[in-house]
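Comments concern the structure below.
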Amino acid sequence: MAGLEKLKLRVANETLGRDMHKEVNDDNYESILDAKKYEVAEELGLKEKIENVGWENMTTKEVGKIGGRMGGHIGGQMVKKLVAMAEAQMAPVDNETVAETKEHLDNKG
């Protein structure tokens, strides 16, 4: 499984899995995501409309409210994890190296 796929599932477990009280894996990811969409739609008073007219007949604004409520939390957590991973991979730099590099760049100009 690719690194981003693993990250997606890890974040999904920390957000969706916790909220839905289920372990998220590659096989059930879509069904848990759909269940969460309906849960959010119900909170927003849109579930009945979805059931009557279908997702394809919902306005962009309505669907955006559902996605925004879900995606903001999930996407934000994924970005935090990616930043933390990148920071962990960066080599520590001492103050002397920073000063030498700054001086070198200043003298080039």
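A few notes on this one:
- Restricting Lys65, Lys81, Lys61 to residues that are surrounded by 14 or more Cβ atoms within 10 Å (Cβ to Cβ) and modelled with pLDDT of 80 or more narrows the list to Lys65.
- Criterion violated by Val53 - all others in (1) at pLDDT below 90; (2) over 21 Å from Lys22 (Cα atoms) satisfied: (1)
The values are calculated or read from the model by the stated rules, or taken from the named source; none is laboratory data. Note that the coordinates shown come from a computational prediction; the quantities given were computed from them, not determined experimentally. So basically every Cβ, Gly included, is an ideal-geometry build from the backbone, and we count neighbours across all protein chains shown.
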